[in-house]
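*Asks:* Handing you a structure now.
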């Protein structure tokens, strides 16, 4: 028989070392969440913007913070408060409504920058910790898992509509005021900016990845993000096995709509085409095209290879500038 896990002394039940060991998984989880909370919370600010409120994350040591565009609205600035009691007025550096991201700069001292991670390395089921200021409750921490990856979140600026791709879905509790706060992994790296509460037990976060870093760079340089426009709507779709072997990829982007009169329409792309590559780079989802539609793409030739009626067809597109008014 194995060793007893419970010992009795003078009628008192004592927990043996083996029983303590059996509880380690829960203790380990708690220690991880507590460690992440302690590391990330000081870098998350509560924002007061007129009658509104939200959260932001310090991402550079010179007082720069990242938040959601919808948190900022049209305000030129506001007040950022940190959990150590310090407050600072801030000014808006740049806003990009089509990614729901904004950069602000504090006028006074701020905590050091949080460590940014890479959301592209996340896996479903991975532990994540959300830090923000829901309902004005500064420094609130919730934990959960990555429920799904690759979600799309529609955003609109005037007549322009764009899908934020690769959005992180989590069951970590989010509430009004959480927007703009940090979603961190078990190593306390910020992998997302909490952006929306989609329903009970369902939250979304804009991923922190290479595309996000390009957007931040554009906001710091120009205060806005210039994007190319093709006029495509597509969904990921598997490739036929022979094509997959030839192309070296398992999926492509099935075009479900080509906007009439758009650059894609003028180039000859059609609904039903299965996009394999853009700019000679593989395309497996909408992000594969969108990440190439920044300022440098405007007015330049962008070759797109599609599978049409069983044959590979090369189409030359010329993106125009996406106007978000």
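*Asks:* Against the globular-protein guess of 2.2 N^0.38 Å, express the Cα radius of gyration of region 250-306 as a ratio, rounded to two decimals.
*Replies:* Computed over Cα atoms of region 250-306, the ratio equals 1.06.
*Asks:* If you fit an axis through the alpha-carbon atoms of helix 210-222 and take the longest principal axis of the Cα set of the chain, what angle between them do you get, 0 to 90°, nearest 10?
*Replies:* Approximately 80 degrees, to the nearest 10.
*Asks:* With a Förster radius of 45 Å, plug the Cβ-Cβ distance of residue 295 and residue 34 into 1/(1 + (r/R0)^6) and report the FRET value to the nearest 0.05.
*Replies:* Once the sixth-power term is evaluated, E becomes 0.55.
*Asks:* For a quick check: sort 61, 120 by the number of other beta carbons within 10 angstrom, fewest at the front. Write down the numbers at each step before the final one.
*Replies:* Details: 61 10, 120 14.
By the 10 Å Cβ count, ascending, the order reads 61, 120.
*Asks:* Please arrange 187, 165 by counting, for each residue, the other beta carbons lying within 10 Å of its beta carbon, fewest first. Don't jump to the answer; show the numbers that get you there.
*Replies:* Numbers: 187 12, 165 19.
Ascending Cβ contact count within 10 Å gives the list 187, 165.
*Asks:* Under a plain spin-label model, where a point goes 7 Å from the Cα along Cα-to-Cβ, how far apart in nm are residue 245 and residue 308?
*Replies:* 2.6
*Asks:* Read through the labelled values (i) 23.1; (ii) 26.1; (iii) 14.6 and report the label of the one computed as mean projected area of the Cα convex hull in nm² from the structure.
*Replies:* (i)
*Asks:* Expressed in nm to one decimal, what extension gain is obtained for the pair residue 87 and residue 318 from 0.36 nm per residue of sequence separation less their Cα-Cα distance?
*Replies:* Extending this stretch completely gives an extra 78.4 nm.
*Asks:* To continue, here is another question. Normalised by the empirical 2.2 N^0.38 Å for globular proteins, what value does the Cα Rg of region 225-325 take?
*Replies:* 1.01
*Asks:* Nearest 10 degrees is fine. How inclined is helix 24-40 to the longest principal axis of the chain, computing both from alpha carbons?
*Replies:* In the chain, helix 24-40 runs at an angle near 60 degrees to the longest axis.
*Asks:* Next up: Among 291, 97, 245, rank each residue by its count of other Cβ atoms within 10 Å, from fewest to most, as a rough exposure measure. Numbers along the way, then the final one.
*Replies:* Details: 291 18, 97 21, 245 11.
If I rank by nearby Cβ atoms, fewest first, I get 245, 291, 97.
A short reminder: the numbers here are calculations on the coordinates, not readings from a lab. Owing to the predicted nature of the structure, the values given are computational and were not obtained by experimental measurement. Note that each Cβ is placed from the backbone with ideal geometry, even for glycine, and that neighbours are counted across all protein chains shown.
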